[in-house]
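What follows is a set of notes on a single structure, which appears directly below.
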Amino acid sequence: MPLSRPIFFLSDFGLEDPYVGIVKAVVHGIAPHVSVIDLAHQIPPGNLRRAAYALYQSVEYLPQGSVVLAVVDPGVGSSREALIVQAQKHVYVVPNNGLLSLVPERDPLMRVFQIENPRGHHAGVSRTFHGRDLFAPVAARLALGAEASQFGTEIGLKTTSPYGLSGALAQLPFKLSAGPAGEVLTFDRFGNAITTLRLETRRYRFITAGGRRVAIKTHYAEVPVGSPLAYLGSAGLLEIGVNRGSARELLRLEEGDAVELG
């Protein structure tokens, strides 16, 4: 059995349609001994913020040298580039749309290659299913030991806004910080609001969000059922939640809403 490295697969394909299974079938056809492990497939359709956060949550726990296949691709079929991104720990196969905006916080990027020669599974590449026809074959061959340079030209590590200049790595319009001001990055399935704030000091006692001041606590049971609180989440970012409820619903929050520590 040849040596190989695992593929970790993230998408917004859901589980009702066969898209996830088809992508795995393409990988298996090229690299039958490669393990394909699901990270998440219920990312809200086209939600790049949620996908970027999911990668941020995950990458430090993956085995060194993993291949990360991330396909949340609202610009599929457009002029957006397809990339292989080599970082210190892992290699990423992604559309160039900002999916890797948070990855450098935990896995510094080193080299970027534009996929120009996918060596695809099919003779043609669908304009609507690059996950199957372009990204999966590349990920499979990388897992078997292929070099990124076999698939296309190296481009620079400079960044730009999503769907921006060709030859630049797209960056979503937010940054992580220690505060005091930040924004709602995204939400998890429980309705907890994950912010862009790292709570690196204990001088703050409250966070203001949705026009309401919310106390910073350590766990849900510190407040009554139905009450909001803020706390340091498992990914190291300040979150706003509700004990047995949804902060998104109770505080009527949206992605990008301003938050401020106090």
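Both the radius of gyration and Dmax for the range 6-96 are 12.7, 35 Å, in that order, over alpha-carbon atoms. For the pair residue 42 and residue 252, label points projected 7 Å from Cα toward Cβ lie 2.8 nm apart.
Projecting the Cα atoms of 45, 85, 75 onto the charge dipole of the range 13-90, computed from C-beta unit charges around the Cα centre, puts 85 farthest toward the positive end. Given +1 at the Cβ of Lys and Arg, -1 at the Cβ of Asp and Glu and no other charges, the dipole of the range 1-119 around its Cα centre is 260 debye to the nearest 20. Using just its DSSP H runs of length 4 or more, each adding -39500 (n - 2.57), the chain gives a mean residue ellipticity at 222 nm of -3500 deg cm²/dmol after division by all residues. Extension gain, residue 200 to residue 61: 0.36 nm times the residue separation minus the Cα-Cα distance gives 47.9 nm.
Computed from the alpha carbon positions, the gyration tensor of the chain leads to an equivalent ellipsoid with semi-axes of 36, 18, 16 Å, biggest first. A DSSP coil position with no more than 11 other Cβ atoms inside 10 Å describes the following trypsin sites (Lys or Arg not before Pro) in the range 70-153: 127. Would any residue of the range 43-81 have its amide N under 19 Å from a label point 7 Å out along Cα→Cβ of residue 128? List them or say none. From the range 43-81, the list is 45-47, 71-80. Size of the range 171-259: Rg and Dmax of its alpha carbons, in Å, are 11.7, 39.
Remark: relative contact order (the chain) = 16 percent; criterion is Cα-Cα distance under 8 angstrom and separation of 6 or more residues.
Charged side chains reduced to their Cβ positions (Lys and Arg at +1, Asp and Glu at -1) give the chain a dipole of some 440 debye around its Cα centre. Of the residues 53, 61, ranked by 1.4 Å probe accessible area with the largest first, the sequence reads 61, 53.
Peptide packing for 91-97, 31-37 was compared via the average number of neighbouring C-beta atoms within 10 Å per residue; ordered from the highest value, the list is 91-97, 31-37.
With each label modelled as a point 7 angstrom along the Cα→C-beta vector, the residue 110-residue 157 pair spans 1.0 nm.
The values are calculated or read from the model by the stated rules, or taken from the named source; none is laboratory data. Note that the coordinates shown come from a computational prediction; the quantities given were computed from them, not determined experimentally. Positions of Cβ are backbone-derived with ideal geometry, glycine not excepted, and every protein chain shown enters the neighbour counts. To get the accessible areas, we keep the full protein, side chains included, count just its heavy atoms, and leave off ligands, DNA and RNA. Shrake-Rupley method; radii C 1.70, N 1.55, O 1.52, S 1.80 Å.
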